[in-house]
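Report on the following structure.
The values are calculated or read from the model by the stated rules, or taken from the named source; none is laboratory data. Note that the structure is predicted; figures quoted are calculated from it, not measured. A quick note on method: Cβ atoms are made from the backbone with ideal geometry, for glycine too, and the neighbour counts reach across all protein chains shown. All accessible areas refer to the heavy atoms of the entire protein, side chains included, with ligands and DNA or RNA removed. Shrake-Rupley method; radii C 1.70, N 1.55, O 1.52, S 1.80 Å.
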Amino acid sequence: MLKSLMVAKAKDELEQELADKEAEKDRYLAENAPLPQTRSMSLAELQELCQELHAKIDVVDVERYDIEAKVFHNTREIKDLNIKVLDLRGKFKRPSLRRVRVSADAILCSLLGSKHKVSMDLRANLKSVKKEDTEKEKTAEVSDWRKNVEAMSGMEGRKKMFNAAQ
């Protein structure tokens with residue numbers, strides 16, 4: 001209802017504005033270009049009138065051409081200045097981005113929003129290794145390797161390996 005009233009009001013104002021423009025145009029033409037009285041003129045007077053009108057038309061055409069040239073020049077200058085502004089914007093160095101540490105929980109929360117309920121503590125899920133166990137294994141394995149090589153050399157060593165495999 002309100003929308004249709006606004007459209008009707010805008011239509012009325014537009015019609016009134018067009019009528020006002022037409023009236024202004026008629027008034028301007030009546031002042032500056034009165035209708036010539038050609039009924040009582042002779043052929044020579046009509047030719048003179050035509051020559052005067054053609055001279056006025058030439059003057060108006062020259063002015064129109066000059067104005068068009070100025071407008072074209074101004075629009076080209078505006079385009080050039082816009083291009084310069086864009087070039088200057090690109091020349092300034094943008095600051096380098098800093099690395100921000102974000103946890104996996106924060107990323108999931110930002111992506112999923114309120115749906116995020118699972119906690120992803122990756123460090124808690126890693127297997128823990130005890131240092132004591134590895135040190136004992138290393139000390140047990142590390143012995144004099146020369147004794148081991150001498151015991152395994154020759155046929156006796158191969159026999160021991162064969163018996164150990166069975």
Inset, instruction - Return yes when Ala106 is modelled with pLDDT of 90 or more and among the hydrophobic types (A, V, I, L, M, F, W, C) and no when it is not. - result: no
Inset, instruction - Return yes or no: is Glu132 assigned to a helix (DSSP H, G or I), modelled with pLDDT under 80, more than 51 Å from the chain's Cα centre (by Cα) and loosely packed, with under 10 Cβ neighbours inside 10 Å? - result: yes
Legend entry - Pro36, sole failed condition from (1) surrounded by fewer than 10 Cβ atoms within 10 Å (Cβ to Cβ); (2) modelled with pLDDT under 90: (1)
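Yes or no, residue by residue, for (1) at pLDDT below 95; (2) open to solvent by 90 Å² or more (accessible area, probe 1.4 Å); (3) part of a loop (DSSP other than H, G, I, E, B):
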| position | (1), (2), (3) |
| --- | --- |
| Arg27 | yes, yes, no |
| Ala30 | yes, no, no |
| Leu49 | yes, no, no |
| Val62 | no, no, no |
| Ala69 | no, no, no |
| Phe72 | no, yes, no |
| Arg76 | no, yes, no |
| Lys79 | no, yes, no |
Inset, instruction - Hey, can you tell me all the residues within the range 81-102 that are assigned to a loop (DSSP other than H, G, I, E, B) and at pLDDT below 75? - result: Phe92, Lys93, Arg94, Pro95
